[in-house]
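Here's the structure we're looking at; comments come further down.
Derivation of every value follows stated rules applied to the coordinates shown; laboratory data play no part. Everything numeric in this text was worked out from a predicted model, so none of it was measured. Positions of Cβ are generated from backbone atoms using ideal geometry, with glycine treated the same way; all protein chains shown enter the neighbour counts.
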Amino acid sequence: MTLQEIKLLHAFNSWADNRILDAAMAMPAEKAMQDMKSSHGSIHGTLVHLVGSEKMWLSRWTGKPDVTFLSAAEAPTVETVKTVWVAVGFETARFLGTMTDRKLQDTFTMKTLKGETYTHVFWEAFQHMVDHCSYHRGQVAAMMRQMGVTPPTTGLINFYRETAKLGRRR
């Protein structure tokens, strides 16, 4: 994978995160907090996990690993989740600005919160993070549908179509 491709994935992930967070912020807070018996309970809980994972991966890539995962107490509303996400997105873009095609092929070693040690290639870990976020955005979309709310489209092809219309690609 090239740095240009990784930056495009970051742009997609940011676009999709922004859309799902804005849709969740437009909902009544009690709906966003309602336990839907999903893997992270509510829309809010799933968004906390999504943003927390992005924050955790960034900390691993920069060699300054977080020792705790973002909690609902640290981001008690969807609005505060978005505030954290915006900061993480900017820091991720800054980190990518230090990378090169060659550096993307390098490995880094990290520890999970369970204490397990793994070594990953940077570009593979970045792809995983985007895939993980897509999975959880899908969960949020399903929860929104269960509540009668139409979720935003966050698919990669839609991102490509929108950015092509804006003249930002090709």
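Based only on other Cβ atoms within 10 Å, what is the fewest-to-most ordering of Phe95, Phe159?
By the 10 Å Cβ count, ascending, the order reads Phe95, Phe159.
The spread of Cα positions in region 20-70, taken along each principal axis and listed from longest to shortest, comes to 38, 22, 12 Å.
Find the relative contact order for the chain and round it to a whole percent, using C-alpha pairs within less than 8 Å whose residues are 6+ positions apart. Don't skip to the answer; put the middle values down first.
Details: 175 pairs, mean separation 53.0, N = 170.
The value is 31 percent.
When the Gaussian network model of the chain links Cα atoms closer than 10 Å, the mean-square fluctuations of Val121, Val84, Val51 top out at Val121. The C-alpha atoms of the chain define a longest principal axis, and helix 43-61 lies at about 10 degrees to it.
An ellipsoid equivalent to the chain, defined through the eigenvalues of its Cα gyration tensor, has semi-axes of 27, 21, 13 Å when rounded to whole angstrom and sorted largest first. Tell me the angle of helix 122-146 to the major Cα principal axis of the chain, expressed in degrees between 0 and 90 and rounded to the nearest ten. Approximately 10 degrees, to the nearest 10. To the nearest ten degrees, helix 78-96 and the longest principal axis of the Cα atoms of the chain are 10 degrees apart.
Gain on full extension, evaluated as 0.36 nm per residue between Glu91 and Asn18 minus their Cα-Cα distance, stands at 24.7 nm. With helices as the sole contributors, the chain gives -20500 deg cm²/dmol at 222 nm; each DSSP H run of n ≥ 4 counts as -39500 (n - 2.57), and the sum is divided by every residue. Considering only Asp131, Asp17, Asp106, the Gaussian network model of the chain with Cα springs below 10 Å gives its largest mean-square fluctuation to Asp106.
With both labels modelled 7 Å from their Cα along Cα-to-Cβ, the Lys165 to Lys64 distance reads 3.9 nm.
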